[in-house]
Amino acid sequence: MISTTLFGVAGWIGRPHCRKRPPDLPSEHAQLPPVALVPNYVMEGSVEFGIDGGEPFLLEAGESYFEPPGVEHSISRNASETLPASLLAFFVLADGESPIVQDHD
């Protein structure tokens with residue numbers, strides 16, 4: 001992932017990340033850092049999210065969702081069994097912090 005210093009915000013970086021998700025990719029589980037801000041934008045297809053064990057919700061191409069700091073992805077997957085999906089996540093993090101605290105396999 002590339003990253004850039006956020007001008008006017010000392011100690012913070014922006015890190016865009018494009019995720020392409022084939023239809024057969026299993027759900028991913030991950031924990032975000034306690035201070036990360038992550039807007040997501042679905043560029044293609046549809047993606048199902050479940051946050052902190054809550055009710056899953058669907059985002060389709062052109063829709064976005066803002067993930068608050070420290071949340072856990074209980075579900076993050078392509079919602080289609082036949083079509084690909086892709087999304088752009090833009091991590092805003094403290095410089096040197098990893099975008100994922102813990103992966104849950």
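Counting only DSSP beta bridges whose two residues both lie in the chain, roughly 100 percent are antiparallel.
Once C-alpha pairs closer than 8 Å and six or more residues apart are averaged by separation and normalised to the residue number of the chain, the relative contact order reads 40 percent.
Within the listed set Pro33, Pro68, Pro56, the residue fluctuating most in the Gaussian network model of the chain (springs between alpha-carbon atoms under 10 angstrom) is Pro56.
Each reported figure results from applying straightforward, stated rules to the coordinates on display, with no laboratory input. Quantities reported herein were computed from a predicted structural model and do not represent experimental measurements.
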